[in-house]
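Undergrad: Below is a structure I'd like to ask you about.
The values are calculated or read from the model by the stated rules, or taken from the named source; none is laboratory data. No experiment lies behind these values; they were computed from the predicted model shown. So basically every Cβ, Gly included, is an ideal-geometry build from the backbone, and we count neighbours across all protein chains shown.
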Amino acid sequence: MNNVEIKRTNLLDCVEFKPKKFGDSRGYFKSLTKEQLKELGFNEFNQFSESMSSKGTLRGMHYQVDPYSQAKLVSCVQGRVLDVVIDCRKGSPTYGKYVAVELDPIIGNMLYVPRGFAHGFLSLEDNSKFQYFVDNEYRVDREGGVAWDDPKVDIPWTSYFKKYGITKPILSVKDTNRNTLEEEPIKFNINPKKFLVTGYKGQLGYDIVRELQARGEKDILAVDIDDMDITNRDEVMSIVKEYNPDVIFHCAAWTQVDKAEEMEDVVRKVNVDGPKNLTDASIEVGAKMIYISTDYVFDGTKDIKETYSETDEVNPKSIYGKTKYEGEEAVRENPNHFIARTSWVFGINGHNFIKTMLKQALNGKTNLSVVNDQVGSPTYTVDLAKVLVDMAYSDKYGTYHINNEGYCSWAEFADYIFKSNNKKVVVTPVSTEEWHKIINRSEAYRPRNSKLSKDKLEANGFKRLPDWKDAVDRYSDELAESTKLADKRLNLTKKTPKY
């Protein structure tokens, strides 16, 4: 960091630094690069915030718990503040200790506050403007704080008040009534978690890896069939024992519903033996097991006005559904498991219904027949991955239904896809039986009612996913952006013509 002056604080990983100013009589310029921030431990930028405070205002000491813990890069751009940070990471050699740094816009110094620290500041002048760059999203349900005057932390506030001419601090009601560090049930740990993700080349595995990285996780072993054959017990045991993960996300599966009817032995090895091998390995190393299941474990004969709960009787009618449920039973051998039943999945890194519909439009189709007597919830893997990663940090084990809010038929789903992507295609709703006549063959059994209740998810403190239409809109934007990037890469590879 040639253009940055680094100053270590007495807290492990907490750094004060000052970018060099380049200027003349007109003023100055200073900068930090993304690479420099990453060297400090700051992950991808998520939020910029700014506050204005009168002299004597004390804001703090604040934090967010995992997996929404935040790293912050803070500075004062007007006035002056005394920035104060407490290490809340149990296991850290500086746990329970603090550092106080005066931030001054004339000096131009900044403070990097890592994840797992409580943060606050005292405004030393009227109209002090304080700025934050934050690397993780704000979640009101994950916020917390430590008492600013915790006697065991022993920040010498009286001396600071006297030094800066402050009679009494100005505090919010919430900051006046916080617990001490000892009383606050904070779950930070200086030791990083290790995550094993199977099927990372698929839609969900890919987005789980992206979500973990966005949360600042760096120790991720992402594997696909070329890296680990889940049907090979010895190979699974060897890799899992060597890596020793804290959490296993098992996303790999046989998902071709119709082909499964013709290849039961092969499907059973993937969807039953695979989860069994991984579960046994997870028990050996003490890892949590997160398994992705399906709405196909139900027969879908419930009245269409009703939804399926996690306690409803299963009755899979297809080889795919049967083997996925047997996979569930294998995973339940690990008491520290999560089973996530989902439906109608779509993501950027694989084949899905949305891509199929858009391909039809691209090929000039203006009228398509789509089934309208099968009802469920489309699920965006970006949204699903967020909840699954939340689960990885919790101990609220069990079976959950997780998909985007709202319900629709496949025909309604298709119609909205075309509207979201400005495609003029007419969707003709047909029954399942009519569809079989159109394609001149039968298909594997598909549930007519795939409406899953998410009440248990919410009751256990996990956030419901956004509405499915909102998910389709965001996915369409992501798909369009990825297409532009692919086109750009293609243009870069083209040779310049010779004249």
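Undergrad: So which residues in segment 169-188 are in a loop (DSSP other than H, G, I, E, B), surrounded by 15 or more Cβ atoms within 10 Å (Cβ to Cβ) and of a type in the set (Asp, Glu)?
TA: If the condition is that a residue be in a loop (DSSP other than H, G, I, E, B), surrounded by 15 or more Cβ atoms within 10 Å (Cβ to Cβ) and of a type in the set (Asp, Glu), then Glu184 is the only one that fits.
Undergrad: Then there's this: Of the residues that sit in segment 283-307 and are small (Gly, Ala, Ser) and in contact with a Lys or Arg (Cβ under 7 Å, 6 or more places away or on another chain), which one is farthest from Ser238 (Cα to Cα)? Please lay out each step first, then the result.
TA: Taking segment 283-307 first, the residues small (Gly, Ala, Ser) are 286-287, 293, 300.
Subsequent filtering for residues that are in contact with a Lys or Arg (Cβ under 7 Å, 6 or more places away or on another chain) retains 293, 300.
Values: Ser293: 25, Gly300: 40 Å.
So, considering only residues that are small (Gly, Ala, Ser) and in contact with a Lys or Arg (Cβ under 7 Å, 6 or more places away or on another chain), the one farthest from Ser238 (Cα to Cα) is Gly300.
Undergrad: Any idea how many residues of segment 75-90 are among the charged types (D, E, K, R), surrounded by fewer than 22 Cβ atoms within 10 Å (Cβ to Cβ) and more than 21 Å from Trp157 (Cα to Cα)? Write out each step before concluding.
TA: Within segment 75-90, the first condition is being among the charged types (D, E, K, R), and the residues that meet it are 80, 83, 87, 89-90.
Right, trim to surrounded by fewer than 22 Cβ atoms within 10 Å (Cβ to Cβ) and you get 80, 90.
Retained after the next criterion (residues that are more than 21 Å from Trp157 (Cα to Cα)): 90.
Selection size over segment 75-90: 1.
Undergrad: Hey, does segment 120-140 have a residue that's of a type in the set (Lys, Arg) and farther than 26 Å from Asn179 by Cβ? Talk me through it step by step, then tell me what you get.
TA: Of all residues in segment 120-140, those of a type in the set (Lys, Arg) come to 129, 139.
Next cut, farther than 26 Å from Asn179 by Cβ only: 129.
For segment 120-140, residues of a type in the set (Lys, Arg) and farther than 26 Å from Asn179 by Cβ: present.
Undergrad: Between a residue in segment 41-53 that is touching a residue at least 12 places away in the same chain (Cβ under 8 Å) and any residue that is loosely packed, with under 13 Cβ neighbours inside 10 Å, which pairs come within a Cβ distance under 7 Å, given they are 6 or more apart or on different chains?
TA: Listed pairs, sorted by first residue: Met52/Asn127.
Undergrad: Among the residues of segment 307-330, what is the count of those that are in a loop (DSSP other than H, G, I, E, B) and not hydroxyl-bearing (Ser, Thr, Tyr)?
TA: So the answer is 7.
Undergrad: What are the residues in segment 189-214 that are part of a loop (DSSP other than H, G, I, E, B) and more than 15 Å from Ile290 (Cβ to Cβ), if any? Working first, answer last.
TA: Initially, segment 189-214 is screened for residues part of a loop (DSSP other than H, G, I, E, B), giving 190-194, 199-202.
Across segment 189-214, the qualifying residues are Ile190, Asn191, Pro192, Lys201.
Undergrad: Looking for something in contact with an Asp or Glu (Cβ under 6 Å, 6 or more places away or on another chain) and within 20 Å of Glu310 (Cα to Cα) - is there at least one such residue anywhere in segment 405-426?
TA: Kept after step one, since they are in contact with an Asp or Glu (Cβ under 6 Å, 6 or more places away or on another chain), are these residues of segment 405-426: 405-406, 420.
Okay, now just the ones that are also within 20 Å of Glu310 (Cα to Cα), so 405-406.
Yes: segment 405-426 contains one or more residues that are in contact with an Asp or Glu (Cβ under 6 Å, 6 or more places away or on another chain) and within 20 Å of Glu310 (Cα to Cα).
Undergrad: Might you check whether a residue that is touching a residue at least 40 places away in the same chain (Cβ under 8 Å), touching a strand residue (DSSP E or B) at 6+ places or on another chain (Cβ under 6 Å) and surrounded by fewer than 20 Cβ atoms within 10 Å (Cβ to Cβ) occurs anywhere in segment 221-233?
TA: No, there is no match, as no residue in segment 221-233 is touching a residue at least 40 places away in the same chain (Cβ under 8 Å), touching a strand residue (DSSP E or B) at 6+ places or on another chain (Cβ under 6 Å) and surrounded by fewer than 20 Cβ atoms within 10 Å (Cβ to Cβ).
Undergrad: Another question, then. Since Pro429 meets every condition but one in (1) at pLDDT 95 or above; (2) surrounded by fewer than 19 Cβ atoms within 10 Å (Cβ to Cβ); (3) assigned to a loop (DSSP other than H, G, I, E, B), which condition does it not meet?
TA: That leaves (3) as the condition not met.
Undergrad: Then there's this: Which one of these is modelled with pLDDT of 95 or more and either more than 22 Å from Tyr407 (Cβ to Cβ) or surrounded by fewer than 22 Cβ atoms within 10 Å (Cβ to Cβ) (or both): Ile292, Ile239?
TA: Working: Ile292 fails: either more than 22 Å from Tyr407 (Cβ to Cβ) or surrounded by fewer than 22 Cβ atoms within 10 Å (Cβ to Cβ) (or both).
Testing whether each residue is modelled with pLDDT of 95 or more and either more than 22 Å from Tyr407 (Cβ to Cβ) or surrounded by fewer than 22 Cβ atoms within 10 Å (Cβ to Cβ) (or both) leaves just Ile239.
Undergrad: Moving to a separate point now. Name the residues in segment 333-347 that are buried (at least 17 other Cβ atoms within 10 Å of the Cβ) and either over 24 Å from the mean Cα position of the chain (by Cα) or farther than 19 Å from Asn422 by Cβ (or both), would you? Don't jump to the end; show me each part of the working.
TA: In the first step, residues of segment 333-347 are kept if they are buried (at least 17 other Cβ atoms within 10 Å of the Cβ); the result is 334, 337-347.
Across segment 333-347, the qualifying residues are Asn334, His337, Phe338, Ile339, Ala340, Arg341, Thr342, Ser343, Trp344, Val345, Gly347.
Undergrad: Does Glu333 count as closer than 18 Å to Thr231 by Cβ and outside any helix (DSSP H, G or I)?
TA: Judged against the criteria, Glu333 is a match.
Undergrad: Here is a further query. If the Cβ limit is 8 Å and pairs must be 6+ apart or interchain, which residue in segment 455-468 that is assigned by TED's automatic domain parsing to the domain that holds Ala340 pairs with which residue that is loosely packed, with under 15 Cβ neighbours inside 10 Å and in a helix (DSSP H, G or I)?
TA: Partner pairs satisfying both residue conditions: Gly461/Asp141; Lys463/Asp141; Arg464/Glu458.
Conditions tested, residue by residue: (1) part of a loop (DSSP other than H, G, I, E, B); (2) closer than 20 Å to Asp219 by Cα.
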| position | (1), (2) |
| --- | --- |
| Phe17 | no, no |
| Ser31 | yes, no |
| Ser49 | no, no |
| Lys55 | yes, no |
| Gly60 | no, no |
| Tyr63 | no, no |
| Pro67 | yes, yes |
| Gln70 | yes, yes |
| Cys76 | no, no |
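Undergrad: For segment 354-395, what are the residues that are of a type in the set (Ser, Thr, Tyr) and crowded, with 20+ Cβ neighbours inside 10 Å?
TA: Pass one, segment 354-395, residues of a type in the set (Ser, Thr, Tyr): 356, 366, 369, 377, 379-381, 393-394.
Passing the criteria: Ser377, Thr379, Tyr380, Thr381.
Undergrad: Of the residues that make up segment 29-42, is at least one surrounded by fewer than 22 Cβ atoms within 10 Å (Cβ to Cβ) and under 28 Å from Asn179 (Cβ atoms)?
TA: The initial filter retains those residues of segment 29-42 that are surrounded by fewer than 22 Cβ atoms within 10 Å (Cβ to Cβ), namely 29-41.
Then keep just the ones that are under 28 Å from Asn179 (Cβ atoms); that gives 41.
Yes, segment 29-42 contains a residue that is surrounded by fewer than 22 Cβ atoms within 10 Å (Cβ to Cβ) and under 28 Å from Asn179 (Cβ atoms).
Undergrad: So if I check each of Gly406, Gly350, which one is assigned by TED's automatic domain parsing to the domain that holds Phe249, over 20 Å from Leu479 (Cβ atoms) and either under 24 Å from the mean Cα position of the chain (by Cα) or touching a residue at least 12 places away in the same chain (Cβ under 8 Å) (or both)? So that I can check it myself, show each step before the final result.
TA: Values: Gly350 fails: over 20 Å from Leu479 (Cβ atoms).
Of Gly406, Gly350, the one residue that is assigned by TED's automatic domain parsing to the domain that holds Phe249, over 20 Å from Leu479 (Cβ atoms) and either under 24 Å from the mean Cα position of the chain (by Cα) or touching a residue at least 12 places away in the same chain (Cβ under 8 Å) (or both) is Gly406.
Undergrad: For the condition at pLDDT 90 or above, among the aliphatic types (A, V, I, L, M) and closer than 30 Å to Ser394 by Cβ, what is the one hit in Met52, Met61? Steps first, please.
TA: Working: Met52 fails: closer than 30 Å to Ser394 by Cβ.
Only one candidate qualifies: Met61.
Undergrad: Kindly establish whether Ile225 is outside the structural domain of Lys72 (by TED's automatic domain parsing) and touching a Leu at 6+ places or on another chain (Cβ under 7 Å).
TA: Working: outside the structural domain of Lys72 (by TED's automatic domain parsing): yes; touching a Leu at 6+ places or on another chain (Cβ under 7 Å): no.
Answer is no for this residue.
Undergrad: Could you check, for segment 144-158, whether at least one of its residues is at pLDDT below 95 and either in the same structural domain as Ala392 (by TED's automatic domain parsing) or under 29 Å from Leu32 (Cα atoms) (or both)?
TA: No: zero hits.
Undergrad: I would also like to ask the following. Among the residues of segment 300-321, is any touching a residue at least 40 places away in the same chain (Cβ under 8 Å) and within 18 Å of His250 (Cβ to Cβ)?
TA: Of the residues in segment 300-321, the ones touching a residue at least 40 places away in the same chain (Cβ under 8 Å) are 300-304, 306-310, 317-321.
Those left that are additionally within 18 Å of His250 (Cβ to Cβ): 320-321.
Yes: one or more hits.
Undergrad: Also, quick follow-up: Out of the residues in segment 295-322 that are out of contact with any Asp or Glu (no Cβ under 8 Å at 6 or more places or on another chain) and β-branched (Val, Ile, Thr), state the one that is surrounded by the fewest Cβ atoms within 10 Å (Cβ to Cβ).
TA: Once the filter is applied, the top-ranked residue is Thr311.
Undergrad: Test Tyr95 against the criterion of being assigned to a loop (DSSP other than H, G, I, E, B) and of a type in the set (Phe, Trp, Tyr), and give yes or no. Please lay out each step first, then the result.
TA: Details: assigned to a loop (DSSP other than H, G, I, E, B): yes; of a type in the set (Phe, Trp, Tyr): yes.
So Tyr95 fits the description; yes.
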